[in-house]
Each structure stands twice: as C-alpha cells, then as structure tokens.
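Right, one structure below, let's go through it.
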Amino acid sequence: MRHGDKVKNLGRKKAHREALLSNLACQLIQHKRIVTTTAKAKALRVFVEPLITKGKDNTTHQRRVVFGYLQDKEAVKELFSTVAEKVGGRPGGYTRIIKLGFRPGDNADTAMIELVDFNEIYGKGKGEVKTAAKKTRRSGAAKKKADAANTEAPATEEKAAE
C-alpha cells in the first residue's frame, strides 16, 4: 500500500528520477517549452516551480541551492537572469501544462509544459514586467464608495465656486 506517499516515482529509482527531473528542468529553463509525457510534465512542475521561486531571490546561497538541483551552470544563469526578471511579480504558477494527445510510437499520453510568462500568444503583451498584486482579504465595497465620494465631491465644489 502507498498510503501518504506523494512522490510520483515514474517507474524509476530515486537517483534515476532525480537525474531525469534535473535534465527536464534544465531544458525547460533554457528552451521555455518542452514536449514530454503527461506524467513527467506533472512531476516536473512540482520539481521546477520551487526552483523558479528561489530564482527570484538572487543571492549566492540561492544560486548554490539551485545548482545543487540542476547541476548546469548555463541553466542556473538563465534562471536567475531572464526567467527571474519575467516572473518577478507572479506569486506562483509559473508553468502551464497543455495536453497534446497520444504519441504514435507507444501511445503515450503527451503534454507540452511551458513557462507561462514566455508565451506571447496567451500573455497580455510583449515585454511587460508585471508588478506584484496587492494582497488584501477585505471587501472592495468600502474602497469603491470612498472613490465614488471623492469623484463626486470636486464636481459639487466647482458648482459652489461658480
């Protein structure tokens, strides 16, 4: 029984699985989009998203931690420069998985995994750096009332001045 076992083993031993995920992550970071099986794409998302989060904090310690996972200097350089610059304002969800159907050779379920901010088709615009969204748990109703009162007040003051 596998109660509580959340690791997707992918039919491999631990060392083989870590090497596979490391190689897939390096390719994803360098090419921004790769095609693989759906199971590998889902396992890769769990592996690479924390690394991208670490890439937002460009310190020597974080670079060494990420290098421990990837073992590829070029991928680390790309992650901490280009990728981190684009995902700076995003609070998570850096990857998107799109299912492609079945591979002709072995009928494996394939998917494309890509970095969300590098897809110009779905993105809002080219080259925009997104700012961090304001985090609040309050209702927006009070703010809307205050804004409405502020916009109406100058109009009444202008009429009083005439």
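FYI, it's all coordinate maths here, none of it is from the lab. These figures come from a predicted structure and were not determined experimentally. Because the Cβ atoms are built from the backbone with ideal geometry, glycine has one as well, and the counts that use them run over all protein chains shown.
Data for the structure
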| item | result |
| --- | --- |
| Under-5 Å amide H pairs with A111, H placed in peptide plane, nonlocal only | T36, T37, T38, L100 |
| Phi-based couplings in Hz for region 16-33 (Karplus 6.51, -1.76, 1.60; Gly and Pro marked x) | 5, 5, 5, 5, 4, 5, 5, 5, 5, 5, 4, 5, 5, 5, 6, 9, 6, 7 |
| Protection proxy ranking of 97-105, 23-31 - average other beta-carbon atoms within 10 Å, highest first | 23-31, 97-105 |
| Prolate/oblate/rounded call for region 14-126, Cα gyration tensor, a/c under 1.5 rounded | oblate |
| Nearest-20 debye value, region 14-126 charge dipole, Cβ charges on Lys, Arg, Asp, Glu | 160 debye |
| Greater than 25 Å apart at Cα, pairs in K14/K54; K13/K42; K32/K77; K32/K54; K42/K86 | none |
